[in-house]
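**Q** Sharing a structure, written as structure tokens. Questions coming.
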Amino acid sequence: MSDEKTDDTPVDEAGAKKKGGKVRLIAIAVVAVGMLAGAGGVYWYMQKGGSEHAEEKQAEAAPEEGSEGGEGHGAADADPSASYIEVAPMMVNLRGGGAQAKFVKLRFVVVAAEGKTDAVKARLPVILDALQPFLRELRPDDLNGSAAVFRIKEEMIRRSTEALGKGMVRDILIQDLIQQ
């Protein structure tokens, strides 16, 4: 009888080990499939969200420019008929609560629409007047990060377009942006 008890115990343990191994294998498979499905969902969401955002940006940029070809902001670099108007460097105080004053020095070029060079040159003080309040409201934190120059450039284009009207300024190229 003692032989039967010893034989039953190992058989039960072996059966439990086999059953536990199958459950563990199924659990690992379920977790792996779940992780793959989650990663696929995130990838799909990011791709779909990125394309919708890009379409929105293109739709917003097209009416703003007012150029005949519907070209993007990057097209000004490749267009040989583009007129570049260099603006004298600007130095403005940054808004901040620190004891020491902080400044930003900005040097940029205005890209005028085709045939509008003389009109943009004549109204350059209007552009500078439109940009001054925006630049003076910048904080040192607004200049941090890789997207800071892009945000500043977009706001400068928007304000220049508001000041001169659509179809006058195609782009603004930031040459230097130095914070002191």
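The values are calculated or read from the model by the stated rules, or taken from the named source; none is laboratory data. As the structure is a computational prediction, the values presented were derived from the model and not from experiment. Protein only, heavy atoms only, side chains kept; ligands, DNA and RNA dropped before computing areas. Shrake-Rupley method; radii C 1.70, N 1.55, O 1.52, S 1.80 Å.
**Q** In what sequence, largest accessible area first, do Phe103, Phe150 appear using a 1.4 Å probe?
**A** Descending order: Phe150, Phe103.
**Q** To continue, here is another question. Determine the per residue accessible area of region 83-135 with all protein chains present and a 1.4 angstrom probe, expressed in square angstrom.
**A** 55 Å²
**Q** Please list, in order along region 166-180, the HN-Hα scalar couplings obtained from phi with the Karplus expression 6.51 cos²θ - 1.76 cosθ + 1.60 (θ = phi - 60°), rounded to whole Hz, x for Gly and Pro.
**A** 5, x, 9, 10, 8, 6, 10, 10, 7, 8, 9, 9, 10, 9, 10
**Q** Quick check: at a probe of 1.4 Å, how many percent of the accessible area of region 119-178 sits on carbon and sulfur atoms?
**A** Numbers: 1590 of 3140 Å².
Solvent-exposed carbon and sulfur of region 119-178 make up 51 percent of the total.
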